[in-house]
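The values are calculated or read from the model by the stated rules, or taken from the named source; none is laboratory data. Please read these numbers as outputs of a predicted model, since none were measured by experiment. As a convention, Cβ positions derive from the backbone with ideal geometry for all residues, glycine included, and neighbour counts pool all protein chains shown.
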Amino acid sequence: MIYDSAVIGTGPAGLSAALNLKIHNKNFLWFGSKTLSEKIRKAEQILNYPGFYAASGETLQNAFMDQAEKMGLEINESMINEIVPFGDHYALMAGADFFEAKTVILATGVSVKATLKNEAEFLGRGVSYCATCDGSLYRGKKIAVLCNNARFEHEVRYLAEIAADVQYFPQYPSIGVLPENVTVRKERILGIEGAMKVSALELASGKLEIDGIFILRDSISLSSLLKGLETEDNHIRVNRRMETNLPGVYAAGDCTGRPYQYTKAAGEGNVASHSALEYLDELEKKV
Ligand SMILES: Cc1cc2nc3c(=O)[nH]c(=O)nc-3n(C[C@H](O)[C@H](O)[C@H](O)COP(=O)(O)OP(=O)(O)OC[C@H]3O[C@@H](n4cnc5c(N)ncnc54)[C@H](O)[C@@H]3O)c2cc1C
């Protein structure tokens, strides 16, 4: 089935876009986290969100979740790894799952650059962002996993079922119970080394030989997520209608640039969804 739209991101930008699509009775998918966004929950006190005087992030998060539930919005917790043009619409890949949509609204928050030394160079040659896609390549091998959110721990368990030895570099405090072949390491990874393929990690304590590394972060670098998407200073280039350079693809919130603010994100999500609605209307006229 081809959906009218896919909204990627459950922060204020994604929520605002999803609400509008729902009001307009569109058939859409909303990807992100059931707890919406860490950036909402973590705020101590919010003084600049209309209607919420000195609210904590948790208060705003609960209000957002309550509204989403009452509006009947459903969140798909799959992480979208890659989006590719597919005829006149887009295919969205989430591990082994595949979705199709006529329009895409990117509300992915501040995007991460490939931050480890040589990460971008070795992407697809021993560096992977997707356990489900590439895990089977490492059967019986020694791998490293870098992960910045406990929400992805199930992926670590999955990789531990396949690989013989998992060197785990969590970047969050409370680590769950992991299988015996997982060694938790508190060191920072300084870089990735190899020739044709990844062969080792550079650590402060020395070299760690590995066959590959999985990097599980909350967001994916824009260049890996959607090839051909125009960016500027690691932000998606948009016009006032939140249109990107790709037809039917819109962006909203922190991913389009500063200021990084809730109300800017919510406003842009609203504009992006209106632009997507107009685009869908035009598509229908062509049929
Ligand atoms: C501690 C803290 C305090 C803050 N205080 C304030 C404040 O007082 N006032 C203010 O205006 N702003 C504040 N901000 C900034 C505000 O949090 C951000 O501007 C806002 O959350 C941006 O919203 P967003 O929707 O663009 O993205 P985000 O809130 O970052 O949400 C992005 C979502 O997209 C999901 N996602 C990303 N990539 C994918 C993918 N590939 N597949 C599926 N899901 C994906 C993420 O998991 C996340 O759920 C604060 C930020 C922090 C960290």
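Below, the figures for the structure above:
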| read-out | value |
| --- | --- |
| Residues located in region 196-222, provided they are of a type in the set (D, E, K, R) and touching a residue at least 40 places away in the same chain (Cβ under 8 Å) | Lys197, Glu202, Glu209, Asp211, Arg217, Asp218 |
| Number of the condition not met by Glu243 [criteria: (1) crowded, with 19+ Cβ neighbours inside 10 Å; (2) closer than 25 Å to Phe152 by Cβ] | (2) |
| Verdict on Lys42 being closer than 23 Å to Ala94 by Cβ and either surrounded by fewer than 16 Cβ atoms within 10 Å (Cβ to Cβ) or among the charged types (D, E, K, R) (or both) | no |
| Residues satisfying the stated conditions in region 247-267, i.e. buried (at least 24 other Cβ atoms within 10 Å of the Cβ) and charged (D, E, K, R) | Asp254 |
| Strands (runs of 3 or more DSSP E) within region 131-245 that include 3 or more residues at pLDDT 95 or above and farther than 30 Å from Thr103 by Cα | 142-147, 165-170, 182-184, 189-194, 198-203, 206-209 |
| Selection count, region 19-51, where residues are within 11 Å of the ligand (Cβ to nearest atom) and assigned to a helix (DSSP H, G or I) | 4 |
